[in-house]
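The values are calculated or read from the model by the stated rules, or taken from the named source; none is laboratory data. A quick note: this is a predicted structure, and the numbers were derived from the prediction, not measured. Neighbour counts run over all protein chains shown; Cβ positions are idealised from the backbone, glycine included.
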Amino acid sequence: MSQVLEDSGRRWAALRTAPRRTVVAELLLCALVASFGLIPLLLVRPDRPVLAVLEALWATLLVAARRYRPVVAVLGVSPLLVGHNIWTLAAVALVVLSATRRIAPTRRAWQVVGAACAAVAPLTVVRVAPRWEDLPVELAGNAVSVVLLLLLPALAGTLLGRRRLLVNLLRERNSYLEQARSLSVSTARLEERNRIAGEMHDLLGHRLSLISVHAGALELAAGRQAPPLAGQAELLRTTAGTAMEELREILGVLRHTEPADGSVSDRGTRADITALVTESRRTGGAIELDWSVADSAVLGDRTRQAIHRVVREGLTNVLKHASGASTRVEVRSAGGGTEVSVTNGVPRTDGHSQGGTRSGLAGLQERISLLGGAFEAGAVPGGGFRVAAWLPPHTPTPAQEHTRAYVPVPAGTAAGQKGQPGQGGSRSPLSDEILTWPRVLGAGCAAVLVVLPTVGYLVFLLLAASLG
């Protein structure tokens, strides 16, 4: 009893969660079957109108139950084969064809169909009990109806059911291969990133360590012998230390490890941008900062990191190509997001800039576009240069940027009974001898050919009823 209640609850939940399109299609189909079984009774009055109306309503219920109670639906078509309403025979073929493709395994479907066929004989005897002389004719006619309206649609339904399994197996195999390919690509990418991280650590790490050590010695010597140069030596040492920390951060990103605590959380804040501007002023530049973003504004880590990168790239370009030029750094709220810009004027003296490769600007543009923002860089009227970016209020996470979630197509009801194939991707792909599209298409074509005699028989019966 508890199993029945549990099964009923599960089916009711599936019915409630069915797509709206499916529900609308089922309601329209039930209304069409009811109309097809009732409206002709107004034109051609049957011998027993009450039974004919009940049969039409019963056919409508079977059509509605064929998706969630296929066994009951197949067994319930037997009374319609011996009934008084000939217009419901079209619903018989529809119910059998649709229900048998949902019954698994195929042997069970044929057992249900056999039980429905066996029930036709006693029902025929009950119907013609007062007229025994008509029994042979009725049995022969119902036998033909059983073959054409039960057996042939059941054969087509089982073929379509097997086709459904093949399609699900194809989807499962495609899911497995796609996940295997994705894992191979991820593994190869991780190995390459680790190799690059190792090369960067071995080459750059050693050089930056030497620069930091010599800058420290130079700072001590300058403090004793040339105090005016001590500040520049200290700047060189702190810059080398900062470069080393940033190198470690980049290596951590390449190796897919989490950055150290506080290495990213302070990036892009007002204090961080102020420190960048102050550090650049120590080189002799006239740099102003205009920070108008409210302190209560919530900026994501990636937004703040992008602000840091834009400001740092802009100030670096000023120091390289327009040393001494007046510069203005602005960070403000605009358009629901955050706008950051670095604008410099014409340098006071002719510099010795040899130009650049614009690789830093290209990298910035790619970073901002990944965050869904806008980036521009170019000359301003009257001389000078401007680097600006607009960042949206919410930026995607790194996982959303660099990965694509792959959701394999779940297997069908029958195929999903063993291990839920197509969801875990842990099963090996099945043999190509089984999973072939010609077999899938052949099952569908065979099912269509099987039901052609059924369609012809129904057309003949309905035309005879209309003319009679």
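For the condition hydrophobic (A, V, I, L, M, F, W, C), at pLDDT below 85 and closer than 20 Å to Pro153 by Cα, what is the one hit in Ala104, Ala59?
On the way: Ala59 fails: at pLDDT below 85.
Criteria check complete, one pass: Ala104.
Being farther than 27 Å from Leu42 by Cβ and small (Gly, Ala, Ser), is that true of even one residue in the range 74-96? Steps first, answer last, please.
Filtering the range 74-96 for residues farther than 27 Å from Leu42 by Cβ gives 74-75, 96.
If we keep only those that are small (Gly, Ala, Ser) as well, we get none.
No, there is no match, as no residue in the range 74-96 is farther than 27 Å from Leu42 by Cβ and small (Gly, Ala, Ser).
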- request: Kindly list the number of the only condition in (1) assigned to a helix (DSSP H, G or I); (2) at pLDDT 85 or above; (3) surrounded by fewer than 19 Cβ atoms within 10 Å (Cβ to Cβ) that fails for Leu315.
  value: (3)
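Mind listing whichever residues of the range 252-281 are modelled with pLDDT under 75 and part of a helix (DSSP H, G or I)? Talk me through it step by step, then tell me what you get.
Filtering the range 252-281 for residues modelled with pLDDT under 75 gives 252-266.
Within the range 252-281, Gly252, Val253, Leu254 meet the criteria.
Residue by residue, here is whether (1) of a type in the set (Val, Ile, Thr); (2) within 20 Å of Arg48 (Cβ to Cβ) holds:
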site: Gly76; (1), (2): no, yes
site: Leu80; (1), (2): no, yes
site: Val92; (1), (2): yes, yes
site: Val95; (1), (2): yes, no
site: Arg101; (1), (2): no, no
site: Ala109; (1), (2): no, no
- prompt: What pairs can you find where one residue is in the range 380-401 and charged (D, E, K, R), the other is surrounded by 14 or more Cβ atoms within 10 Å (Cβ to Cβ) and at pLDDT 70 or above, and their Cβ atoms are less than 6 Å apart, with a gap of 6+ or different chains?
  reply: Arg386/Thr343; Glu401/Leu370
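Name the residue, out of Leu160, Leu155, Leu139, Leu165, that is aliphatic (A, V, I, L, M), under 27 Å from the mean Cα position of the chain (by Cα) and surrounded by 14 or more Cβ atoms within 10 Å (Cβ to Cβ).
Working: Leu160 fails: under 27 Å from the mean Cα position of the chain (by Cα); Leu155 fails: under 27 Å from the mean Cα position of the chain (by Cα); Leu139 fails: under 27 Å from the mean Cα position of the chain (by Cα).
Exactly one of Leu160, Leu155, Leu139, Leu165 is aliphatic (A, V, I, L, M), under 27 Å from the mean Cα position of the chain (by Cα) and surrounded by 14 or more Cβ atoms within 10 Å (Cβ to Cβ), namely Leu165.
Is at least one residue of the range 196-206 among the aliphatic types (A, V, I, L, M), touching a helix residue (DSSP H, G or I) at 6+ places or on another chain (Cβ under 9 Å), in the same structural domain as Phe460 (by TED's automatic domain parsing) and in a helix (DSSP H, G or I)? Let's see the steps before the verdict.
Of the range 196-206, the ones among the aliphatic types (A, V, I, L, M) are 196-197, 200, 203-204.
Subset that is touching a helix residue (DSSP H, G or I) at 6+ places or on another chain (Cβ under 9 Å): 196-197, 200, 204.
From the residues that got through so far, the ones that are in the same structural domain as Phe460 (by TED's automatic domain parsing) too are none.
Looking through the range 196-206, none of the residues is among the aliphatic types (A, V, I, L, M), touching a helix residue (DSSP H, G or I) at 6+ places or on another chain (Cβ under 9 Å), in the same structural domain as Phe460 (by TED's automatic domain parsing) and in a helix (DSSP H, G or I).
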- request: Looking only at the range 372-385, count how many residues are of a type outside the set (A, V, I, L, M) and surrounded by fewer than 16 Cβ atoms within 10 Å (Cβ to Cβ).
  value: 6
Failed item in (1) surrounded by fewer than 19 Cβ atoms within 10 Å (Cβ to Cβ); (2) not assigned by TED's automatic domain parsing to the domain that holds Gln111, with Asn174 passing the rest: (2)
